[in-house]
Each structure stands twice: as structure tokens, then as C-alpha cells.
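In what follows, a structure is listed as C-alpha cells, so that the remarks can point back to it.
The values are calculated or read from the model by the stated rules, or taken from the named source; none is laboratory data. Remember, it's a predicted structure, so these values are computed and weren't measured experimentally. Methodologically, a virtual Cβ is constructed for each residue, glycine included, from the backbone with ideal geometry; neighbour enumeration extends over all protein chains shown. Ligands, DNA and RNA are excluded from the accessible area calculation, which covers all protein heavy atoms including side chains. Shrake-Rupley method; radii C 1.70, N 1.55, O 1.52, S 1.80 Å.
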Amino acid sequence: MRKALRWLLALAVLIGTLSTAGAATAAQPEATGTTDIKDQLLSIPGMSLIEEKPYTGYRFFVLNYTQPVDHRDPSKGTFQQRITVLHKDVSRPTVFYTSGYNVSTTPSRREPTQIVDGNQVSMEYRFFTPSRPAPADWSKLDIWQAASDQHRIFQALKSVYTKKWIATGGSKGGMTATYYERFYPRDMDGVVAYVAPNDVVNDEDSAYDRFFTKVGTKECRDRLNAVQREALVRREPLEKKYAAYAADNGYTFKTIGSLDRAYEAVVLDYVWGFWQYSLLSDCATVPADAKTATDQAIWDSVDSISGFSFYTDQGLEPYTPYYYQAGTQLGAPDIRFPYIEKQYIRYGYETPRSLVPRDIPMKFQPYAMRDVDSWVRHHAHHMLFVYGQNDPWGAERFRVGKGAKDAYVFTAAGLNHGANVAGLVADQKALATARILQWAGVPAASTAQAKPLARFDSRLDIRDVEREPALRP
């Protein structure tokens, strides 16, 4: 998976939108005689304060909320789920965000939050530490339980934030927002799902193979393919380098099985990782002639995109909950490498099962994604899906059918896994912004005039590409 995955998964793209549609109003002090927002939050049963961090114009709280391990049987115990609240004003709409992984404890604002100039509640996904039950009953990590976590948080906070709510997230977070809407369609007033994969039939992945024959330009594809192949041809000298690198950093390979297997997994991620996180213009950084490139040049190119630390035990461990879900409900892509001779590929794309410790049982549920896909096609209401043209994950995406109402699927030309509303063509950008404002209860005078209500904040709104491991069966 991607080197950047070792960093915090988060941020969502290319420059946010710099709005001239009016300055964001500073957070208003609570009216005289009213209860302070911190006291309101802490009066909610099960809510406790970890810390409050200052940020101009907002109040930012890091909180724990007591959740049942099993929403079907609360008697089975509880755990502490970490959430954050970026408080603007109770009179503003609220955006409910999750990355589908850990929650950041640094104040940040997702694109819909900037658009509606609202509050933001962010949830850490269950089983990502520290929001993990102890002992961990992994059978309670599924999309319904996670949606029920969101539902309880929404119910708890709705008495404080009484205006409209919009769910959002990117990548696995976009999937999470979609699943939440499927199971609790009456909670949110709108959903904005960015670059959300939709693997309906886990064993049918030809869409990805077709994607990799057309993405970008032939020149760029040829460069990437050649470097990937050359990294396997030079396996012996580069694995010696890998062994020294692992020894120097104390890396081990118990989960995946061996250094050799980890090396191949990193290399096979290379092309996918480039298109997921880079732009076509970045192809200039790829060695132009792989056969004459030095071993160091091949190593550096693969490491900068895939990351040689990722398939170590230390790299995989934080993402065990993700791979568990990929191998039980979400599905995982499998791709072919027609430009690499068979003798150079020993293992092929790894399955999620090989990336999760063996003492954690897993069984795939093929009906889970089929159910969600069918629901979105026929019942999506007030939902917006945004994809990047050059993002591999968009090869299998959500689509809306005749039964859907006020629901849209847009593609940002030339963009990657960081695609957002700001990157859409002008008419789609205006329409998407107008719909988000309408769903949030703060409509623009007209679609053509629809712009984010809050000014771009270079610290609060800086967003990287949403990180998603390359699920690899």
C-alpha cells in the first residue's frame, strides 16, 4: 500500500476553494445566561473530555463517548470511542465526518464544513486504536455496527446541534458515510461521499484491469510498468538492500510471512499507488529508462510511492481493522500484470487474509456490498458522490438509478484519490455546492451563485489525499 499511508490518512486534495462569497463569521460567544458549549457536551450521558484545543473562531474538543461493543446486545460490554467536535455555533448546520480510520486530534475542516460554514463532528472508526474494545471481539467489527456507532453519536448530539446535518468522508470514509445512510436513512439531511470504492462482486475485478490500460498517457504507463517490472527482475540485489533496511529499523515480517513476500507486495503496489496519489505531471519523476537506471533509482522510485516499510508487521498493524473488513465485507481488488513475465511474480496480489494475524478469524460475506449497492441505486436521496478520473478506486464506484432522488455522481477530470467538489468543472461544481447548501438548510440565491460560505483557511482546510490501502487479493 502506499507509503503515505504511514502518515495520517487524511486530508483530501488539491487546493481547497478560495471563496469570495463572504467571510466566515467568528464563533459567537454563548448568549448571556446560556450553558457553555463544553458543559452542554459533557452533560450528555457517556461523554467525557480528553482535551480542548484553541483555534481562532472555533472551540475544538477531543472527547470519548461510551459505546456498546454490540449494538444488538448492549449487555456484552462497552468501549470508549474517540470523537472530536469543531464547534462554530449551534445555529449553524453540522457536518458528520469520518475517515473510516483513526480520528485526527488536530483541528481541521472538511470541504462540506467549509461550504456550509458549520460545525464538524468527527468519529474514529471502531477497532482503530484507541477506540478498540478490550478484549477485541472482531466479529463485532462490521458496517452495521459502525453505522450504529454514528447513529448513537448523532442522537446524543442532535439536542445540542439542532440544525441540518450532512455526513461526509473520503475513501473508506466515503464508504462509511454511504453505509450509514443505508442503515439509518432518516438521520442525515445529505451525504457527500468522496472517492468511495464499491466492490459489489469481490471476485470480478476486470474493471481495474481496463482502467490501467487507459489511464493517463501511454508514455507514462510504459514508464511505470517498466520500473515495476525492473524491480522484480532485480529482486536479488534489491532484497539485500531491503533486508539491511529492515534490520536497521527493527522491522519484522511475521504477518505477511517473509521479507520476499513483503518485497513483492510493495512492488506490485507501485503502479496503483502512483495513480492513486500522483498526477500525470508527476510522471516526470519516474525513471525514463528503467533498464539503465541504477538500483538506487529503482529503489527510490518504488519507496517514494509504495513505501518499503508498509508490509512489515509494524506497518500493517495499525490497519488490521481495515484489512479485516476488506476480507469479511468490503472486498478487495485484484489486478493482472500482463507486461510482467510469470516467472517474476511469485505470489500475486495479497489477499486481506494474509495481512491480518492468523489468530483473528475471518469469513467473507458476499451479500454485504450487494445490499448497499442495490440500496444506493434504488433509494439514494440527497447523496453526492465525487470521483477522480485517474483514481484506480473509481473503477468500481457507486452509481445511482431511476429510484434515486436528488442524487449525483460526478468525476473530476485529471484528478486522483484527492478529487473534491472544488476540482469539478464549473457547472458541476456550482450544482454540487448548491445542493450541499440546500441540504444543509442554507441555500444560495441561485445555483450559479453557490459558493462556500467560509473563506479558505490555509491551516484548517489543507487536505492531503485520503489514504486507502490497496486491498489486494
Give K140/K405; K291/K342; K254/K363; K402/K429; K241/K291; K88/K451 a once-over and call out the pairs whose C-alpha atoms are over 27 Å from each other. K140/K405
Taking every DSSP beta bridge that has both residues in the chain, what percent is antiparallel when rounded to the nearest 5? 50
Kirkwood Rh, Cα Rg: Rg to Rh for the chain? 0.97
Where only C-alpha atoms are counted, convex hull volume of the range 296-367 per residue in Å³: 127
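Can you pull the percent of the chain's accessible area that's carbon plus sulfur, 1.4 Å probe, other chains left in place? Numbers along the way, then the final one.
Details: 9720 of 18590 Å².
Summing carbon and sulfur atoms, their accessible area is 52 percent of the total for the chain.
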Cα centroid of the range 275-323 to Cα centroid of the range 337-356, whole Å: 16
About its Cα centre, how strong a charge dipole does the range 175-222 have in debye, to the nearest 20, once Lys and Arg get +1 and Asp and Glu get -1 at the Cβ? 180
Put +1 on the Cβ of each Lys and Arg and -1 on the Cβ of each Asp and Glu in the chain; which of V267, P287, G418 then has its Cα farthest toward the positive end of the dipole? G418
At the level of C-alpha centres, the distance separating the range 197-271 and the range 93-127, in angstrom, is 32
Alpha-carbon radius of gyration plus Dmax, which is the widest Cα pair, for the range 327-379 in Å: 15.6, 48
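Kirkwood Rh, Cα Rg: Rg to Rh for the range 231-278?
1.01
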Relative to the present Cα-Cα distance, how much length would full extension add between S281 and R186 at 0.36 nm per residue of separation? 29.9 nm
Heavy-atom accessible area per residue, the chain, 1.4 Å probe: how many Å²? 39
What is the pair-distance distribution P(r) of the range 133-176, computed from all Cα-Cα distances in 10 Å bins starting at 0, with each bin given as a whole percent? 22, 44, 29, 6
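Give the whole-number value, in cubic angstrom per residue, of the convex hull volume spanned by the C-alpha atoms of the range 338-473. Walk me through the intermediate numbers first.
Details: hull volume 27.2 nm³, N = 136.
That works out to 200 Å³ per residue.
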Compute the long axis of helix 218-233 from its Cα atoms, compare it with the longest principal axis of the Cα atoms of the chain, and write down the angle in degrees, 0 to 90, nearest 10. 60
Using only Cα atoms and rounding to the nearest 10 degrees, what angle (0 to 90) does helix 259-268 make with the longest principal axis of the chain? 70
Longest exposed-loop-site-free stretch of the chain, with trypsin sites (Lys or Arg not before Pro), DSSP loop and at most 12 other Cβ within 10 Å? 73-185
Taking the 0 to 90 degree range and rounding to the nearest ten, how far is the long axis of helix 295-305 tilted relative to the main principal axis of the chain, both from C-alpha atoms? 20
Quick one: dipole size for the chain, taken about the Cα centre, charges +1 on Lys/Arg Cβ and -1 on Asp/Glu Cβ, in debye to the nearest 20. 640
